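Reviewing the structure listed below.
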There are 2 protein chains.
Amino acid sequence: MMAKIQHNQPLYEQLMWRIKAQVATSVLKVGDKLPSVREMALIEGLNPNTVAKAYKALEGQQVIETVAGKGTFVRQVDTVVDEKAINELRNDFNNMMIEAKRLQVTPEQLHQWIDEFYLEGQQ
Amino acid sequence: MMAKIQHNQPLYEQLMWRIKAQVATSVLKVGDKLPSVREMALIEGLNPNTVAKAYKALEGQQVIETVAGKGTFVRQVDTVVDEKAINELRNDFNNMMIEAKRLQVTPEQLHQWIDEFYLEGQQ
DNA sequence: TACGTGTACTATGATACACAGTACACTTTA
DNA sequence: TAAAGTGTACTGTGTATCATAGTACACGTA
């Protein structure tokens, strides 16, 4: 009966980010099997429907793929450039910089954040 | 009766971003008066309540200030460092880079986006 | 006084979120 | 073959948010 949204973001989106972060940092590699919908629900303390919603959305983003009756697996990175998604990213990025400027975060700091991220992801 | 949310973002938040962008690019300067709630509602094609919601949220973010009976004005930039907001920004920034990596946007491209933004804002 | 300002209400309809429960087609395993 | 585990698709419930409409009030200004 509960339905708490923390950090102003839906639970299924928060799960999506956790999974995407694991893929980006190679904690999850291509071909790796994800926990089943019901298993992940127990792990994360969520409803299986909520996990299924996250899985389906991630499949739509080409992050994972599902094989009928087998499970869900990390998908090979798509080689096709997604112009629409990149445009949305650019727009979000602009909003982020408006916010950064307001909070008096310097561009040098932003540069550093980028470098730190790509350094940690290299290992 | 309508209630269309475009771009998967509430109308009042979209308005907030437009105003914040105008402040960041100095289209709106400190002390400038914003259109009244009812006037802005006509301009943007929104309900006065929706505009009021955006104004109130922006006041909470110290972007604007309201003077009783007079109107709303662009506020002086706060000198206090908002650690909490910066931490949230950092988190959003990380998610953004996860997305960028997935879309095969290079860190060099991200660096360029930053420089372009701060260059345009200088004028 | 009259007007414009932000604000605070109540109410309605639409939508999204998260949950509970059931069911089905599929694959693998025993 | 039978059983168990997979994703998926439903229906339904409760909650919250969003956007609208309409009314009202205290305040400042002309």
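Please verify whether A:Ile114 is away from DNA strand C (no atom under 16 Å from the Cβ), without any contact (Cβ under 8 Å) to a residue 12 or more places away in the chain, within 14 Å of chain B (Cβ to nearest Cβ) and in contact with a His (Cβ under 8 Å, 6 or more places away or on another chain), treating the condition exactly as stated.
Numbers: away from DNA strand C (no atom under 16 Å from the Cβ): yes; without any contact (Cβ under 8 Å) to a residue 12 or more places away in the chain: yes; within 14 Å of chain B (Cβ to nearest Cβ): yes; in contact with a His (Cβ under 8 Å, 6 or more places away or on another chain): yes.
Answer is yes for this residue.
Would it be correct to say that B:Glu44 is under 20 Å from B:Glu13 (Cβ atoms), more than 9 Å from every other protein chain (Cβ to nearest Cβ) and among the acidic types (Asp, Glu)? Don't jump to the end; show me each part of the working.
On the way: under 20 Å from B:Glu13 (Cβ atoms): yes; more than 9 Å from every other protein chain (Cβ to nearest Cβ): yes; among the acidic types (Asp, Glu): yes.
The answer is yes for B:Glu44.
So how many residues does region A:10-46 have that are more than 15 Å from DNA strand D (Cβ to nearest atom) and more than 16 Å from the chain's Cα centre (by Cα)?
Within region A:10-46, residues that are more than 15 Å from DNA strand D (Cβ to nearest atom) and more than 16 Å from the chain's Cα centre (by Cα) number 1.
Using the structure shown, decide if A:Ile64 is assigned by TED's automatic domain parsing to the domain that holds A:Arg18 and in contact with a Leu (Cβ under 9 Å, 6 or more places away or on another chain).
Yes.
B:Met1 fails exactly one of the following numbered conditions: (1) at pLDDT 95 or above; (2) within 12 Å of DNA strand D (Cβ to nearest atom). What is the number of that condition?
Only one criterion in (1) at pLDDT 95 or above; (2) within 12 Å of DNA strand D (Cβ to nearest atom) is unmet by B:Met1, namely (1).
Give the residues of region A:60-73 that are within 12 Å of DNA strand D (Cβ to nearest atom) and within 14 Å of chain B (Cβ to nearest Cβ), sorted by residue number.
Once the filter is applied, which keeps residues that are within 12 Å of DNA strand D (Cβ to nearest atom) and within 14 Å of chain B (Cβ to nearest Cβ), region A:60-73 yields A:Gly60, A:Ile64.
Could you please find all residues in region B:73-101 being without any contact (Cβ under 8 Å) to a residue 40 or more places away in the chain and touching a Lys or Arg at 6+ places or on another chain (Cβ under 7 Å)?
B:Ile98, the sole residue that qualifies.
The values are calculated or read from the model by the stated rules, or taken from the named source; none is laboratory data. Worth saying up front: this structure is predicted, and the values here are computed from it rather than measured. All Cβ positions, even for glycine, are placed from backbone atoms using ideal geometry, and neighbour counts span all protein chains on display.
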